[in-house]
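Data block below; observations after.
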Amino acid sequence: MTGHRLVLVGGGHAHVQVIRALAQQPEPGMTITLVTDRLLTPYSGMLPGHVAGLYSHAEMHIDLGRLAEVCGVTLVRSAAAAIDRDRRTVTTEDGASVPYDTLSLNVGITPDLSGIAGAEEHGIPVKPISSFIARLDALLAAAAQPDGPRRIVLVGGGAAGVELALALKARLTGLDPKGRPFWIGLAASNGLVATLNDGVRRRARAALARHGVTLLDDFRVVEINAQGLRAQDKRFVTADAVLVSTAARAPSWLATTGLPTDRHGFVQTTRCLTCIDDPAVFAVGDCATVVEDPTPKAGVFAVRQGAALTANLRRRARGEALAPHRPDRNYLTILMTGDGSAIAGRGGWFAVEGRWVWRWKDWIDRRFMRRFSAFRS
């Protein structure tokens, strides 16, 4: 191989693994460029722990600037704005043109608040995590004041909503020196952690009750305003702050690239993680959907795509046939409960809870981050 220009757009869970792996075992003649406007990439698995105050900001972030520097990757510090697939170039928001032989997209998702009136103005979306953390810090600072917010609602009854509601309850307990209680609600429209098994659902419901988080069952939010949120059935709940962890869509700029996308804007890919009409373009993580084998938008799938993506990027650079990636749908889910315990579930029946489960989750997450500890500033 005389030369191969690999351009990575976005510093998500899969791309950081690609950078690390190609630094440890370089491909002869390959040059790597990372295009991103964010120098810190958060590890989503640690977000609930950070909300609960168990992980610092530094512990849950990978320093992309240092990762690129140590691994010999050229860093273009700007967001991608356009792709010219005929000329094989990426144009950034500041006007730079970056040529590629192979392009890979790992740019995450943005919140889709279009179905909730007033959500853009009055809601606090959980994704992207980087902007959520800044707004969370402001919310916590306000909550520490005597006249600060006391009623907070999480919208979304999935795993993320449950974890964040419990984490926020743990973080706020005892925060006010005057002892004024905080009220935390969780609005679930389609059941609680509906994709998990009955044992996990029972334990999650019990954990919410045990910690005083009010579950708003069958509460399909249609409006958020300055006073609170309204359900489709006209119920209204007052709230000082509303966090939204529900639907998401792909970044809007992808729709202008000519890449094939589904109705939510996600790039459509093959099982080999390449765009369905362009083998020079890969897309992974939440911004993409494997047409023949779609999976939920969950960090576990992006993490597990890292090794498969790396292998196929090597194969493409060498001119070899690509290999399909087959995700394990029977994956382990662990929900922290904010009190030093956690709930684990897998498949249709496995469900356990205990402090040892939290220690297990903490070990898994710290092990992943230790792979990048040498690249922290």
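Here are the numbers for this structure:
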quantity	calculated
Calculated on alpha-carbon atoms, Rg and Dmax of segment 320-377 in Å	15.6, 50
Exposure of Phe282 as accessible area (Å², to 10), given a probe of 1.4 Å and all protein chains	0 Å²
Packing-based order for 324-337, 182-195, 9-22, using average beta carbon neighbours within 10 Å, highest first	9-22, 182-195, 324-337
Separation between Cα centres of segment 254-299 and segment 302-363, rounded to whole Å	20 Å
Signed unit charges on C-beta, dipole axis of the chain, positive-most listed residue Val200, Pro181, Val357	Val357
Cα coordinate range in segment 1-64, projected on the principal axes (Å, largest first)	50, 23, 14
Average silhouette area of segment 1-126, convex hull of alpha-carbon atoms, in square nanometres	10.1 nm²
Interatomic Cα distance distribution for segment 67-146, bins of 10 angstrom, percent	14, 28, 29, 21, 7, 1
Surface per residue (accessible, 1.4 Å probe) for the chain, Å²	44 Å²
Extended-chain gain in nm, criterion 0.36 nm per residue less alpha-carbon gap, Asn330 and Arg180	49.7 nm
FRET E, pair Ser56, Arg210, Förster distance 30 Å, beta-carbon r, rounded to 0.05	0.65
Of all DSSP beta bridges in the chain, antiparallel share, percent nearest 5	45 percent
When the convex hull of its Cα atoms is projected in every direction, mean area for segment 165-302 (nm²)	11.5 nm²
Assigned charges on the beta-carbon of Lys, Arg, Asp, Glu; the chain dipole about Cα centre (debye)	1060 debye
Helix-only CD estimate at 222 nm, as mean residue ellipticity for the chain, using -39500 (n - 2.57) per DSSP H run (n ≥ 4)	-9000 deg cm²/dmol
Antiparallel bridges, percent of DSSP beta bridges restricted to segment 1-128 (to nearest 5)	40 percent
Kirkwood Rh and Cα Rg combined as Rg/Rh, the chain	0.98
Exposure of Arg171 as accessible area (Å², to 10), given a probe of 1.4 Å and all protein chains	90 Å²
Share of carbon and sulfur in the accessible heavy-atom surface of segment 283-333 [1.4 Å probe, %]	51 percent
Inter-part distance where segment 1-40 and segment 92-171 are each reduced to a Cα centre, Å	27 Å
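The values are calculated or read from the model by the stated rules, or taken from the named source; none is laboratory data. These numbers come from a predicted model, not from an experiment. Cβ sites come from the backbone with ideal geometry, for glycine too, and all protein chains shown count toward neighbours. Accessible surface areas use protein heavy atoms only, side chains included; no ligands, DNA or RNA. Shrake-Rupley method; radii C 1.70, N 1.55, O 1.52, S 1.80 Å.
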